[in-house]
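S.K.: Next up is a structure, given as structure tokens.
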Amino acid sequence: MKLLLIARRWGGCSTALLLLSAVQAAVTVDGTRTAATEPEYAERTVQTTATNWGAGNALANLHTAQVGADLSVFIGGRASGNAILLFIDSRAGGPSFISNNQITTGGSAGDREKINHLGTSTTAGLTFETGFNPDYALRIYGDGAGTAAFVNRYDLQAGTTAYVGDSVSVTPAASGFVKEIRTLWADVATPSSGVVKGVEMKLSLAALGVPTGTQTVKLMAVLVNADSDYGSDQVLASRASTTDIGTSINSINFQSESGTQTLAFSVAGPPPRDVVFSVNMNAEIAKGNFNPATSLAKVLFFSGVASPTPGQLALTDPDADGIYTGSLAVSGAEGSAFGEYKFFNTKSGAPNFGYEYGDNRNFNLGPDSVTQTLPTVIFRPNSFSLWAASYAGGQPASQDYDRDGTANGVEYFMGQTGSSFTRNPQVVDGSISWPHDSNATGVTYKVKISENLATWTDVTADTFDVDGSLLYFVPMAMPALFVRLEVVAP
């Protein structure tokens with residue numbers, strides 16, 4: 001790990017800003033900081049205020065390391081029957097204080113209260129140092145025996161929480177921005193710089209909202225009781241007072257505290273990966289819905305990391321095989337949803353106003369820095385199932401969803417949407433014609449006639465399907481004749 005040390009000073013307190021280059025190295029997340037095998041760890045701070053809660057409850061030191069797209073954090077210390085709260089400011093928009101309804105969803109009521117107890121009302125509570133607006137938090141609660149460390153994660157902007165797991169016995173499964181976390185409790189001895197056991201975690205920079213490029217991340221750790229309604233005298237980075245924060249934990253204003261309570265350091269955001277989109281337009285070309293010489297195939301992005309910028313991606317077909325491709329550099333956490341999109345046809349008069357039919361597409365992002373090639377898909381044509389889901393309540397072709405006397409399948413065949421009454425055709429100049437939407441694919445039809453409504457004869461071979469209409473010439477020699485159109489969908 002290469003480190004560029006930049007000395008910076010706030011008031012009478014010096015803090016180091018470390019620019020961590022993303023040199024690949026190894027940090028083993030096991031609850032122990034091992035200097036010999038983990039030299040990439042940079043010391044962020046060492047506690048200078050003695051704990052009032054004994055060796056079993058103390059914050060000793062904090063170290064960080066960036067390895068690729070991950071941020072490793074080690075907190076040397078212990079919580080016995082109490083909890084360590086780690087606040088993380090990694091993107092814009094975090095709160096400047098904790099309200100008593102900061103967390104509203106996820107977990108149990110008790111889980112939510114562990115953060116909400118830090119507030120006194122919806123407009124007041126624990127107030128952070130100026131310039132520190134945390135977006136996320138972790139709570140690590142240690143049992144009195146030292147055999148468990150229960151972890152909850154919090155999104156302070158979204159107001160959500162989730163239980164991560166017990167980080168002593170095993171490494172919990174990845175959860176949100178937490179990729180790995182392990183805890184090894186041991187009583188804290190002096191000096192604080194020598195404490196090498198505590199809580200160790202690996203966090204996803206992308207999931208924390210750190211974009212591509214260099215930016216500053218800030219941390220703050222606080223030691224509180226089990227209910228988060230009483231605070232110790234210790235904070236990391238530092239707190240000059242040797243008196244417990246006590247019940248004032250929900251009203252303390254760190255802006256009025258001397259020293260610097262937060263730790264600031266620079267990280268290189270995770271590099272983007274190229275995502276390759278590919279769509280087969282050959283069916284649309286064959287139907288005359290797409291002209292390779294004048295039309296463009298695009299991807300339109302409706303939500304997620306590519307919306308509103310760039311918003312769209314033009315695809316090309318350099319080898320003229322009807323398959324259009326294009327790539328887009330995309331940042332985001334591995335496994336997170338890319339966002340909704342559809343393929344689009346720019347030809348004037350294209351069906352569905354140029355949009356492919358069906359639901360918006362989506363996918364989960366792959367590893368950082370590794371090209372992610374999506375499978376080639378067909379520009380999705382219309383189908384009865386898609387039409388029925390949108391206009392007929394998912395009913396089969398034989399039923400009549402809008403109760404206008406015309407079956408769902410026939411309305412689909414005719415290009416109707418059920419938004420108005422669908423009339424049966426009349427005999428005009430000796431013929432009957434039905435509108436036929438050329439994009440009503442995936443169904444079969446038959447035209448049948450009967451003189452008595454009991455016996456029906458298939459005359460499909462005598463019909464003409466041209467220019468958007470299905471035409472049948474009625475035999476005028478018959479004194480009475482009934483004609484019907486049947487549409488069958490799979």
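Throughout, read-outs are computed from the coordinates displayed, never taken from laboratory work. What you see is a predicted model; the values in this text were computed from it and never measured. Note that we place each Cβ from the backbone using ideal geometry, even for glycine, and neighbour counts take in every protein chain shown.
S.K.: So for each of 227-235, 50-58 I average, over its residues, the number of other beta carbons within 10 Å; can you give me the resulting order with the highest mean first?
M.R.: Result, highest mean first: 227-235, 50-58.
S.K.: Could you tell me the calculated FRET efficiency between residue 162 and residue 431, based on Cβ-Cβ distance and R0 = 41 angstrom, to the nearest 0.05?
M.R.: Calculated value: 0.05.
S.K.: Using the reciprocal of the averaged 1/r over all distinct C-alpha pairs, how large is the Kirkwood radius of the range 273-378 in Å?
M.R.: After inverting the mean inverse Cα-Cα distance, the result is 14.2 Å.
S.K.: Also, I was wondering about something else. Between residue 258 and residue 105, how high is the FRET efficiency from 1/(1 + (r/R0)^6) when r is the Cβ-Cβ distance and R₀ = 56 Å? Nearest 0.05. Numbers along the way, then the final one.
M.R.: Details: r = 37 Å, r/R0 = 0.66.
In this case the efficiency is close to 0.90.
S.K.: Once every DSSP H run of n ≥ 4 in the chain is given -39500 (n - 2.57) and the sum is divided by its residues, what mean residue ellipticity at 222 nm do you get, rounded to the nearest 500 deg cm²/dmol?
M.R.: -1500 deg cm²/dmol
S.K.: Sort 190-196, 386-392, 67-73 by packing, meaning the average of other beta carbons within 10 Å per residue, with the highest value first.
M.R.: Final packing ranking: 67-73, 386-392, 190-196.
S.K.: Using the Cα centre as the reference, give the magnitude of the dipole from point charges on the C-beta atoms of the chain (Lys, Arg: +1; Asp, Glu: -1; all else neutral), rounded to the nearest 20 debye.
M.R.: Dipole about the Cα centre, nearest 20: 1100 debye.
S.K.: Can you tell me which of 74-82, 241-249 comes out highest on packing, and rank the rest after it, using the mean Cβ neighbours within 10 Å?
M.R.: Numbers: 74-82: 24.7, 241-249: 14.8.
Per-residue mean Cβ counts within 10 Å order the peptides as 74-82, 241-249.
S.K.: Would you please report the Å³ per residue occupied by the convex hull of the alpha carbon atoms in the chain?
M.R.: Cα convex hull per residue, to the nearest whole number: 198 Å³.
S.K.: Longer than 27 Å from Cα to Cα, which of 114/179; 197/218; 347/448; 298/446; 347/446; 114/197 are they? Say none if no pair is.
M.R.: 347/448; 298/446; 347/446
S.K.: What's the center-to-center distance, using Cα atoms, between the range 345-398 and the range 177-197 in Å?
M.R.: 51
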